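Following: one structure in structure tokens, then a few remarks.
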Amino acid sequence: MVDLGMPKVTPALSPRRKSRRLTLGNDGRAVQVGGAAPVSVQSMTTTVTADVNATLQQIAELTASGCQIVRVAVPSADDAEALPAIARKSQIPVIADIHFQPKYVFAAIDAGCAAVRVNPGNIKAFDDKVAEIAKAAAAARVPIRIGVNAGSLDKRLLAKHGSATADALVESALWECSLFEEHGFGDLKISVKHHDPVVMVSAYRKLAAACDYPLHLGVTEAGPQFQGTVKSSVAFGALLAEGIGDTIRVSLSAPPVEEVKVGIAILESLGLRERGLEIVSCPSCGRAQVDVYKLAEEVTAGLDGLEVPLRVAVMGCVVNGPGEAREADLGVASGNGKGQIFVKGKVIATVPESKIVETLIDEAMRLAEEAGDGDAAAAGKPEVITVPVPG
């Protein structure tokens with residue numbers, strides 16, 4: 001396999017927090033969360049779960065985009081009835097999202113879902129059902145996520161703390177965990193989501209110090225795509241850089257595939273996943289002698305879907321351009337209506353501005369072909385294991 005000269009994956013800024021490991025699923029699609037397993041990316045379908053075909057179609061799209069775990073909403077009996085088909089046909093582990101009705105927890109376990117998410121703030125009579133749920137989940141080897149949200153916190157805790165503070169979120173999560181622990185059930189993971197990244201980060205730090213359960217990171221109701229991406233990147237970056245977090249979901253008011261793209265990009269930027277295609281391009285300034293924005297957009301579009309790790313520099317002036325282009329696998333330093341094309345640090349051609357994009361794409365494809373399919377994209381993928389299915 002040809003060495004493209006990509007830098008090694010940057011070590012995380014801090015060691016990963018030690019947490020217990022959970023297995024989501026009990027067949028060849030199983031994904032591990034926690035412990036030393038790679039941080040996984042998940043999302044949630046926006047279809048009506050009862051519409052099996054539409055839900056499976058969206059799960060297929062999410063899977064193709066790199067999603068490793070998917071959650072589906074189960075607000076009705078029709079949705080619960082659809083779970084067996086969805087859990088059986090999905091290419092990735094399916095988590096059932098349960099609110100208000102404990103009976104759907106049992107339906108999800110019976111349906112073969114890989115895990116169940118429950119919200120302790122709004123499941124009626126949930127505490128009285130913990131013993132039964134723990135017994136059923138343990139028998140089926142189905143982990144439970146205790147998913148606490150600022151917007152649906154238990155009224156008793158709101159009265160005690162005055163609002164959905166970090167301490168209130170953590171207290172809710174640990175209280176529900178303790179109920180399961182009383183019945184010997186410990187296959188739990190926790191989320192304590194808040195729309196404010198500052199409160200969210202504080203809550204997860206407190207939670208990380210108080211238990212060894214794997215943590216699902218999320219900024220809930222993060223907002224439209226731009227705002228939500230910024231909020232999630234800030235919060236996840238702070239926590240993951242400290243080694244906190246085992247699986248993430250970026251919550252956006254946007255198609256779920258966009259959530260996955262952002263999640264993957266966050267992990268790549270922190271060195272928690274091997275980078276794929278990386279475009280290094282300057283922000284442009286008065287020194288630029290070409291339209292850097294247009295060049296970068298056209299190169300990005302032309303290389304969309306390229307899976308071989310490749311760093312491509314698209315630069316617009318003589319100050320930083322040659323240096324950045326030389327350090328990349330492939331790059332261009334542009335100016336005076338032409339561009340110097342660099343491959344592996346050496347100038348291979350000088351082409352007119354109108355040929356820059358075409359030349360870069362051709363060279364990128366050549367490098368990808370030399371590299372071959374191989375195992376270049378293996379690092380950072382979900383840890384897939386095979387677990388014997390009980391008879």
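The values are calculated or read from the model by the stated rules, or taken from the named source; none is laboratory data. These figures come from a predicted structure and were not determined experimentally. Positions of Cβ are backbone-derived with ideal geometry, glycine not excepted, and every protein chain shown enters the neighbour counts. For the accessible areas, the whole protein counts, side chains as well, though only heavy atoms, and no ligand, DNA or RNA atoms are used. Shrake-Rupley method; radii C 1.70, N 1.55, O 1.52, S 1.80 Å.
Open to solvent by 10 Å² or more (accessible area, probe 1.4 Å), of a type outside the set (A, V, I, L, M, F, W, C), farther than 21 Å from residue 218 by Cβ and modelled with pLDDT under 95: does that describe residue 84? Here the answer is no, as residue 84 does not meet what is asked.
Restricting the search to the stretch 303-330, which residues are free of Cβ contacts under 8 Å to residues at least 60 places away in the same chain and open to solvent by 30 Å² or more (accessible area, probe 1.4 Å)? Within the stretch 303-330, 304, 305, 318, 319, 320, 322, 323, 324, 326, 327 qualify.
Listed residues 23, 55, 47; which is open to solvent by 40 Å² or more (accessible area, probe 1.4 Å) and modelled with pLDDT of 95 or more?
On the way: 55 fails: open to solvent by 40 Å² or more (accessible area, probe 1.4 Å); 47 fails: open to solvent by 40 Å² or more (accessible area, probe 1.4 Å).
Going through 23, 55, 47 in turn, just one is open to solvent by 40 Å² or more (accessible area, probe 1.4 Å) and modelled with pLDDT of 95 or more: 23.
Per the listing 333, 364, 376, the residue uniquely open to solvent by less than 40 Å² (accessible area, probe 1.4 Å), part of a loop (DSSP other than H, G, I, E, B), at pLDDT below 95 and not polar (S, T, N, Q) is 376.
Answer with yes or no whether residue 198 is in the same structural domain as residue 232 (by the TED database), open to solvent by 40 Å² or more (accessible area, probe 1.4 Å) and either of a type in the set (Val, Ile, Thr) or assigned to a loop (DSSP other than H, G, I, E, B) (or both). Yes; evaluated as a whole, the condition is true for this residue. In this structure, residue 162 does not qualify as among the small types (Gly, Ala, Ser), under 17 Å from residue 44 (Cβ atoms) and either assigned by the TED database to the domain that holds residue 52 or within 28 Å of the chain's Cα centre (by Cα) (or both).
Entry remark, the stretch 87-101: residues being assigned to a loop (DSSP other than H, G, I, E, B) and either modelled with pLDDT of 95 or more or charged (D, E, K, R) (or both) number 4 in total.
Residues are listed down the side, and each one gets a yes or a no for (1) free of Cβ contacts under 8 Å to residues at least 60 places away in the same chain; (2) open to solvent by 50 Å² or more (accessible area, probe 1.4 Å); (3) within 15 Å of the chain's Cα centre (by Cα):
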site	(1), (2), (3)
215	no, no, yes
227	yes, yes, no
232	yes, no, yes
236	yes, no, yes
249	no, no, yes
256	no, no, yes
259	no, no, yes
289	yes, yes, no
300	yes, yes, no
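The number of residues in the stretch 309-326 that are modelled with pLDDT under 85 and β-branched (Val, Ile, Thr) comes to 2.
Are any residues in the stretch 115-126 over 16 Å from residue 76 (Cα atoms) and either touching a helix residue (DSSP H, G or I) at 6+ places or on another chain (Cβ under 6 Å) or open to solvent by less than 10 Å² (accessible area, probe 1.4 Å) (or both), and if so, which ones? Give the derivation first.
Step one: list which residues in the stretch 115-126 are over 16 Å from residue 76 (Cα atoms), which gives 115, 120-121, 125-126.
Passing the criteria: 115, 120, 121, 126.
Kindly provide the set of residues from the stretch 266-276 that are hydrophobic (A, V, I, L, M, F, W, C) and open to solvent by 50 Å² or more (accessible area, probe 1.4 Å), ordered by number. Once the filter is applied, which keeps residues that are hydrophobic (A, V, I, L, M, F, W, C) and open to solvent by 50 Å² or more (accessible area, probe 1.4 Å), the stretch 266-276 yields nothing.
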